[in-house]
């Protein structure tokens with residue numbers, strides 16, 4: 001049974017690292033707002049490993065840097081929510097007073113002054129702060145989700161480069177083998193030990209292998225371009241160093257699913273969005289009757305009488321009690337809750353599908369390792385023994401060796417499929433480390 005604590009610790013380290021990247025990129029010097037963007041990306045190491053590639057992308061990819069600015073925007077929303085939304089209003093009236101003597105006018109300049117403000121009496125401020133805090137949490141989890149997606153994307157792009165390099169290396173090896181076969185066949189034809197048609201077939205095989213160089217180089221160049229795009233660089237003069245072979249691991253579906261539900265950033269973002277929607281609904285309900293407008297009032301009238309008191313203005317919800325707005329907020333909350341449930345279901349499906357694909361890919365890899373390679377190698381040894389006794393056609397021996405190269409090419413395809421399945425598992429769990437290096441996966445006790 002695989003140990004769960006090691007997997008949990010790894011997931012915690014990854015999430016802490018994501019959170020650190022968010023805080024590092026999003027906070028200014030004690031202000032809570034984003035720093036100015038950096039002048040340029042850090043140079044890529046000359047020899048690039050898989051973990052170095054992921055680190056390079058997380059630190060320098062401009063797409064991710066732009067996404068991280070959402071933290072500053074959401075942090076500003078928290079500041080807005082903490083600020084009282086209404087400013088006081090001063091209203092002053094200065095009027096000339098005139099009339100007949102019987103009016104008793106003794107003050108020719110009448111004054112009236114009001115200092116009024118809208119007052120929230122239904123805890124609207126608390127609901128605004130709750131919504132803004134949930135929006136900030138949602139933004140941070142969305143950034144973490146983008147970081148995980150980018151890391152998995154880098155893993156796929158890196159493995160694609162390694163895969164294309166190995167494919168090109170096999171093509172070059174096949175060319176070298178076919179050149180040797182053609183040269184050997186030419187000598188045997190000159191000695192009268194082989195027919196001329198065997199030499200023609202050998203040259204056709206050589207030309208066929210040389211024709212594969214161009215497409216192989218194009219595929220490698222495309223893979224390098226995809227890797228540079230994921231890294232966030234334009235002219236990265238680096239050498240990729242890595243392997244597609246990793247020791248197989250056994251993962252428990254239930255434990256891996258639970259780990260995914262615990263740490264998938266998308267799920268946490270949906271949960272924060274649900275809290276935000278609920279806070280906005282409560283705010284809309286609190287605002288349905290409006291807010292009273294109150295404040296002190298002073299008037300100095302034409303008869304030199306000082307009038308000091310207070311004024312209150314109450315909106316009358318006769319025609320509009322915000323039923324439509326409240327219904328909208330309720331629908332938004334319901335939609336968000338359904339999206340949360342959809343995300344939970346999708347996570348379970350992702351984990352299951354990724355493990356099924358990985359199981360099938362590992363089975364294909366095992367077929368090459370345990371069956372095909374040993375059988376072909378044994379057949380080649382048999383042919384070599386017969387050749388030493390002059391009981392085998394050289395062209396048939398060369399054909400057998402070319403078959404071995406094709407089997408190695410198929411094994412490389414099987415390894416590529418395994419790396420893609422491992423990347424699927426990492427994306428499903430929300431932990432790129434599962435595809436970067438061998439780790440102890442989770443299990444249930």
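Yes/no matrix, rows are residues, columns are (1) in a helix (DSSP H, G or I); (2) under 23 Å from residue 129 (Cβ atoms):
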{"residue": "261", "(1), (2)": "yes, no"}
{"residue": "266", "(1), (2)": "yes, no"}
{"residue": "269", "(1), (2)": "yes, yes"}
{"residue": "283", "(1), (2)": "yes, yes"}
{"residue": "295", "(1), (2)": "no, no"}
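Determine whether segment 129-139 contains at least one residue that is free of Cβ contacts under 8 Å to residues at least 60 places away in the same chain, farther than 30 Å from residue 218 by Cα, more than 48 Å from the chain's Cα centre (by Cα) and in a helix (DSSP H, G or I). No, that holds for no residue. Assess whether residue 142 counts as being farther than 19 Å from residue 414 by Cα, over 26 Å from the mean Cα position of the chain (by Cα) and not in a loop (DSSP other than H, G, I, E, B). Answer is no for this residue.
Only one entry of 152, 161, 148 meets the criterion of being more than 23 Å from residue 71 (Cβ to Cβ), within 22 Å of the chain's Cα centre (by Cα) and part of a helix (DSSP H, G or I), and that entry is 161. From the list 152, 161, the one residue that fits, being touching a strand residue (DSSP E or B) at 6+ places or on another chain (Cβ under 6 Å), surrounded by 19 or more Cβ atoms within 10 Å (Cβ to Cβ), in contact (Cβ under 8 Å) with a residue 24 or more places away in the chain and at negative phi, is 161.
Return a yes/no flag: does segment 106-119 have any residue that is farther than 20 Å from residue 287 by Cβ and assigned to a helix (DSSP H, G or I). No, every residue in segment 106-119 fails to be farther than 20 Å from residue 287 by Cβ and assigned to a helix (DSSP H, G or I).
Give 427, 400 a once-over and let me know the one that is assigned to a helix (DSSP H, G or I), buried (at least 16 other Cβ atoms within 10 Å of the Cβ) and modelled with pLDDT of 90 or more. The unique qualifying residue is 427. Scan segment 61-111 residue by residue and report those that are modelled with pLDDT under 90 and in contact with a helix residue (DSSP H, G or I) (Cβ under 9 Å, 6 or more places away or on another chain). Matches in segment 61-111: 97 only. What pairs can you find where one residue is in segment 210-233 and in contact (Cβ under 8 Å) with a residue 40 or more places away in the chain, the other is outside any helix (DSSP H, G or I) and loosely packed, with under 13 Cβ neighbours inside 10 Å, and their Cβ atoms are less than 9 Å apart, with a gap of 6+ or different chains? So the pair list comes out as 233/43. Whether a residue is within 26 Å of residue 415 (Cβ to Cβ) and at pLDDT 90 or above was assessed, and residue 239 does not pass this test. Taking segment 85-105, which residues are surrounded by 12 or more Cβ atoms within 10 Å (Cβ to Cβ) and either touching a strand residue (DSSP E or B) at 6+ places or on another chain (Cβ under 9 Å) or not in a loop (DSSP other than H, G, I, E, B) (or both)? Correct list: 85, 86, 89, 91, 95, 97. Taking the criterion of being loosely packed, with under 12 Cβ neighbours inside 10 Å and either in contact with a helix residue (DSSP H, G or I) (Cβ under 7 Å, 6 or more places away or on another chain) or in a helix (DSSP H, G or I) (or both), the residues of segment 316-326 that qualify are 323, 324.
Among the residues of segment 220-229, not a single one is surrounded by 12 or more Cβ atoms within 10 Å (Cβ to Cβ) and over 39 Å from the mean Cα position of the chain (by Cα). Checked against the criterion of being without any contact (Cβ under 8 Å) to a residue 24 or more places away in the chain, within 16 Å of residue 261 (Cβ to Cβ) and surrounded by 14 or more Cβ atoms within 10 Å (Cβ to Cβ), the candidates 346, 352, 342 yield just one match: 346. Applying the set (1) surrounded by 17 or more Cβ atoms within 10 Å (Cβ to Cβ); (2) without any contact (Cβ under 8 Å) to a residue 24 or more places away in the chain to residue 178 leaves exactly one unmet item: (2).
The values are calculated or read from the model by the stated rules, or taken from the named source; none is laboratory data. Treat the numbers as computed from the prediction; the structure is a model and nothing was measured. Methodologically, a virtual Cβ is constructed for each residue, glycine included, from the backbone with ideal geometry; neighbour enumeration extends over all protein chains shown.
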